[in-house]
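Below is one structure, written out as structure tokens, with a few remarks after it.
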Amino acid sequence: MNAHIQSEETRERDKIARLSRSLYERGLTAGSSGNISVRLADGWLLTPTNSCLGELDPARISRLDREGNLQAGDPPSKEAFLHRSMYDVRPQAGAIVHLHSTHSAAVSCLCGLDPTNCIPPLTPYFIMKIGRLPLVPYHRPGDKALAEVIRSLAVKHCAVLLANHGPVVSGPDLEGAIYASEELEETAKIFLLLQNRPTNCLNSDQIAELKAAFKLDF
Ligand SMILES: [Zn+2]
């Protein structure tokens, strides 16, 4: 491994630990739930299994090759296959954040969601960062059948919501994936606050205008 690649990896390890702690301290993840990955030139980094995002040791973050085999660090999260499925079909994804954040997880348990778009177009910021959010039907934790479903949806969507579980969000880099996850969590909170209230959503012309102005591709 040359020095340039090594220093990039060290920087990404430090950044994962720093931003994960911030998510933990702000209550966006609890206990040992949630996992975060960053794509490298020849593989990816992923938070280890049973690790608390508030207390990651950068040197122990798992390093995987492109196929998901452990090369260094602690054993990876058992949800590694969620990340790999998304990277496989989204070459533009540089990082993936999966949280059990409260409001998004609450929405994932609601009856009557539109499975093609679980959160209505309430704000332009949600449209710009997430677009449409499809619902992945419930699978038990670790069920590898999830991989195929995510692969099929992530071709067209940067984020999906796992039913009775939580969101999986990709971004061009770690900051982008985290900002999109936070936008999703805040919009989920707004959506829950508005339950059973008459609501103005953005209409199709307003969404088309955003897609054109910001070159959105969902
Ligand atoms: Zn999970």
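The values are calculated or read from the model by the stated rules, or taken from the named source; none is laboratory data. Quick caveat, the model's predicted, so the values are computed rather than measured. Note that each Cβ is placed from the backbone with ideal geometry, even for glycine, and that neighbours are counted across all protein chains shown. Just so you know, the surface numbers come from the protein's heavy atoms only, side chains and all, with ligands and any DNA or RNA stripped out. Shrake-Rupley method; radii C 1.70, N 1.55, O 1.52, S 1.80 Å.
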**Request:** Sort through Leu82, Leu70, Leu64 and tell me the only one that's within 16 Å of the chain's Cα centre (by Cα) and on the phi < 0 side of the Ramachandran plot.
**Result:** Leu82
**Among the candidates Pro76, Pro124, residue that is more than 15 Å from the chain's Cα centre (by Cα) and more than 21 Å from Ala180 (Cα to Cα)** = Pro76
**Filtered residue count, region 107-121, keeping only those that are within 18 Å of the chain's Cα centre (by Cα) and either farther than 19 Å from Glu183 by Cβ or loosely packed, with under 14 Cβ neighbours inside 10 Å (or both)** = 3
**Message:** Checking the condition within 16 Å of the ligand (Cβ to nearest atom), touching a strand residue (DSSP E or B) at 6+ places or on another chain (Cβ under 6 Å) and within 17 Å of Ser85 (Cβ to Cβ), which residue from Leu46, Leu64 passes?
**Reply:** Leu46
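Checking the conditions here, which among Ser51, Ser33 is in a loop (DSSP other than H, G, I, E, B) and more than 16 Å from the chain's Cα centre (by Cα)?
Only one candidate qualifies: Ser51.
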**Request:** Pick out the one residue from Arg84, Arg140 that is within 24 Å of Phe218 (Cα to Cα), within 16 Å of the ligand (Cβ to nearest atom) and of a type in the set (Lys, Arg).
**Result:** Arg84
**Prompt:** Limited to region 47-76, what total is found for residues that are among the β-branched types (Val, Ile, Thr) and within 16 Å of Tyr24 (Cβ to Cβ)?
**Reply:** 2
**Request:** Considering only residues that are within 16 Å of the ligand (Cβ to nearest atom) and in contact with a helix residue (DSSP H, G or I) (Cβ under 9 Å, 6 or more places away or on another chain), look in region 21-37 and name the one that is most open to solvent (accessible area, probe 1.4 Å).
**Result:** Ala30
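Among the residues of region 98-129 satisfying the criterion of being assigned to a helix (DSSP H, G or I) and closer than 21 Å to Pro172 by Cβ, which is nearest to the ligand (Cβ to nearest atom)?
Among those that are assigned to a helix (DSSP H, G or I) and closer than 21 Å to Pro172 by Cβ, it is Ser104.
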**Residue ID - nearest to Leu122 (Cα to Cα), chosen from residues in region 133-151 that are touching a residue at least 60 places away in the same chain (Cβ under 8 Å) and open to solvent by 50 Å² or more (accessible area, probe 1.4 Å)** = Arg151
**Fill in**
A careful count of residues in region 16-30 that are without any contact (Cβ under 8 Å) to a residue 60 or more places away in the chain and not in a helix (DSSP H, G or I) gives 1
**Prompt:** For region 194-208, does any single residue satisfy the condition of being in contact (Cβ under 8 Å) with a residue 60 or more places away in the chain, open to solvent by less than 30 Å² (accessible area, probe 1.4 Å) and more than 16 Å from the ligand (Cβ to nearest atom)?
**Reply:** no
**Prompt:** Mind checking whether some residue in region 162-184 is of a type in the set (S, T, N, Q), modelled with pLDDT of 95 or more, surrounded by fewer than 18 Cβ atoms within 10 Å (Cβ to Cβ) and assigned to a helix (DSSP H, G or I)?
**Reply:** no
**Given (1) assigned to a loop (DSSP other than H, G, I, E, B); (2) among the aromatic types (Phe, Trp, Tyr); (3) under 14 Å from the mean Cα position of the chain (by Cα), number of the condition Tyr87 does not satisfy** = (1)
